[in-house]
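These notes are about the structure you will find just below.
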Amino acid sequence: MDYSRKVELIPGQEKESKKFFATTEEYNEFCRKFIDEVGPDLEKQREARQQSEAAAKLRLMR
Amino acid sequence: MIDGENLVLTIVTFEATKDWADLLRVASPDLDEAGLAKLIAALNTTAKCVAVEREYIDKDYRDTFSHFHSKRFSTPNSRCLRLHFFDQHITRTILKEASVDGKKVEALNKSYLGYSVIRPTKPNCIGRTFLTPASRGSASAFASLCPEKVSILGTELAITGFPFISQDSDVTVCAESAVWMILRYFSNRYHLYPEIYPFQVVNLTRDYSLGRLVPSSGLHVWQMAEALRSIGRPPLIYTRRVSGDNFFEHLLYTYIESGIPVLAGTKDHVVVAFGHRSSFTANLPGSGTIYSSQFNDAFVVNDDNRVPYQLIQRTGVVSGAGAQASKYTFKDIVDFIVPMPEKVFLPAEDFQTVVTAILESSEFGYKVLSPSLKDSRLVLRLFLTTGKSFKRHLGGRKMGHAMVEDMYRNLPLPHFIWVCEISNIDAFGRHEVCGEILWDATRNAREPNGWIALHYPEILVVDIGSALNRAQELIRFDLKDPTTYELYRNNLQPI
């Protein structure tokens, strides 16, 4: 298998599409902003799951 | 009317309400008055005929008989009755002829409402029960269903439904019964999961238990979660107190919408929730983004103490709703356990966080990239599905643009994807959407490159990099003359 081969998903893909980000810097900037934005919420949600798991040890169903 | 009262298969035809008493006479002593009351509650409006199959060896009851009941001094019978319900009058001849005639078996299949095994256990005699949703009459709802094949006098019938069993109060109480219902759903629907019998359910918790396992004194929530994990469904647990009322109910809906039945716990009881009822045209106040969960007004549940396909209403029991309305409301559900597929690492709440960040971002936000959506009140529907199922429905849905359909068809997808369907109030009322975001469910939420595709009416952005197992590489296609299209329906079926 030649991993450097250019594979298209649909015929004419290269002709009909454009790169979304013009430069790698723009893309990296988006990634950095994205991580900064979602980080606090994800942390809260992780803590919430841990609290729920802890509560599950105390609840008996019968 | 009773046909063949002393035969192995007795047929009771209902001509008046009193014929349920005939059934009690034919099926006693195994069927008792409490059991009959449940059957009447579940089937009174639809059943016209019942075939009573005697000397039935039920795999689930035999499992508990072998491991528990047989060890008693006074033992119950090891065999059961199985009651087959039909919405038309049937005869022994019809059953026999259907075994060799395709058209007749099809007609018989249409009238078949499913079966209920009657165990010689007290106080609950209703054993494994598999009724079609049609047995309860229309619920105007959507639910996860699985198939089963049933043989009566050599005639094989195929039905879909959701498994039900009542607790026997010895080996199983509500916790084991609810776990059994979910596990049987998985083994019926997917070959990946083994069939698990009631005593095996008990044994799934043996490494996480103190003291004796039987007679059961119930299970803690975490023990039920461990039982699910041990058969390859790693669980997530949510509690109302931690999540907050609205978000808790939204998450519960989202997993059910994803076709994953969940164990929903009330203060001291647990039921299986596997469907919902939504009013797509409900008028929701406010101007912010709407989640489809806000249209949800009931969950479909199997409560082992009641009848199959009950509805838990958001606001309370509607008068006259009968036995098919649960005594619980949304607020009574205090926690739930989601048996996640093994290859889904991204939980619903994390998906919501990352997908809304994309929708609001200055690079990919709908206000930036979609002139037709930017002034709309968005309706978002979040759900999990498999890449394979998503692709299977592309042709029927058309995806609003030939380019989008073609791209999705060719795009390598992970086994599971999270989907955020994007619609507006008008389109959603017509059960249509304007676009979607696809997210790799095997990703960590902190990876900014977990999304696979973003589709607004005017633009399609695709990550062709991860599709080819390389670094993210985003390309865009501008779309002309887009249309709205049918929302994705595969996870749940109308009942």
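Shown for the stretch B:268-314 is the translational diffusion coefficient from the Stokes-Einstein equation, using the Kirkwood radius over Cα pairs, a temperature of 25 °C and a viscosity of 0.890 mPa s: 203 µm²/s. Bridge orientation summary for the stretch B:200-339: considering DSSP beta bridges with both residues in this region, about 90 percent are antiparallel. The share of accessible area on chain B that comes from carbon and sulfur is 51 percent, using a 1.4 angstrom probe.
Cross-link partners of B:LYS103 among lysines, defined as those whose alpha carbon lies under 30 angstrom from its own and excluding same-chain residues fewer than eight positions apart: B:LYS48, B:LYS149. Buried on complex formation within the stretch B:341-357 (loss of at least 30 square angstrom of accessible surface versus the isolated chain, 1.4 Å probe, ligands and nucleic acids ignored): B:GLU349, B:ASP350, B:THR353, B:ALA357. Summing Lys and Arg as +1 and Asp and Glu as -1 over all other residues whose Cβ lies under 11 Å from the Cβ of B:HIS89 gives a net charge of -2.
Quick check on my link table: of A:LYS6/B:LYS374; B:LYS59/B:LYS96; B:LYS331/B:LYS388; A:LYS57/B:LYS59; B:LYS38/B:LYS343, which ones sit more than 27 Å apart, alpha carbon to alpha carbon?
Details: A:LYS6/B:LYS374 36 Å; B:LYS59/B:LYS96 25 Å; B:LYS331/B:LYS388 36 Å; A:LYS57/B:LYS59 32 Å; B:LYS38/B:LYS343 39 Å.
Among A:LYS6/B:LYS374; B:LYS59/B:LYS96; B:LYS331/B:LYS388; A:LYS57/B:LYS59; B:LYS38/B:LYS343, the Cα-Cα distance tops 27 Å for A:LYS6/B:LYS374; B:LYS331/B:LYS388; A:LYS57/B:LYS59; B:LYS38/B:LYS343.
Taking other residues whose beta carbon is less than 13 angstrom from the beta carbon of B:THR281, and scoring Lys, Arg as +1 and Asp, Glu as -1, yields -2.
State whether the protein assembly as shown is rounded, prolate or oblate according to the following rule on the C-alpha gyration tensor (a ≥ b ≥ c being the square roots of its eigenvalues): a/c under 1.5 gives rounded; otherwise a/b larger than b/c gives prolate, and the remaining case gives oblate. Note, shape of the protein assembly as shown comes out prolate. Between B and A, buried accessible area from a 1.4 angstrom probe totals roughly 4200 Å², ignoring ligands, DNA and RNA. All Cα-Cα distances of the stretch B:2-170, cut into 5 Å bins from zero to the largest, leave 1, 8, 18, 21, 21, 16, 9, 4, 1, 0, 0 percent in each bin in turn. Once you order the gyration tensor axes a ≥ b ≥ c over the Cα atoms, which shape class does the stretch B:348-494 get: rounded for a/c under 1.5, otherwise prolate or oblate by comparing a/b with b/c? Rounded, since a/c falls under 1.5.
With an a/c value of 1.5 or above and a/b larger than b/c for the gyration tensor axes a ≥ b ≥ c computed over the alpha-carbon atoms, chain B is described as prolate. Overall size of the stretch B:200-339 from C-alpha positions, given as principal axis extents largest first: 53, 34, 25 Å.
For chain B, what is the accessible area per residue in Å² when the probe is 1.4 Å?
Values: 18860 Å² over 495 residues.
For chain B, the solvent-accessible area averages 38 Å² per residue.
With Cα atoms defining each centre, the stretch B:118-151 and the stretch B:1-77 are spaced 14 Å apart in the structure.
One Cα centroid belongs to the stretch B:283-300, the other to the stretch B:358-381; the line between them spans 19 Å. In plain terms, the chain from B:LYS103 to B:SER140 could stretch by 10.4 nm, reckoned as 0.36 nm per residue minus the Cα-Cα distance.
Between B:SER217 and B:LYS327, the C-beta separation translates, for a Förster distance of 25 Å, into a calculated FRET efficiency of about 0.60.
The values are calculated or read from the model by the stated rules, or taken from the named source; none is laboratory data. Source: prediction; values computed, not measured. Neighbour counts are summed over all protein chains in view; Cβ atoms, including those assigned to glycine, are modelled from backbone coordinates with ideal geometry. Accessible surface is based on the protein model in full, side chains and every heavy atom, while ligands, DNA and RNA are left aside. Shrake-Rupley method; radii C 1.70, N 1.55, O 1.52, S 1.80 Å.
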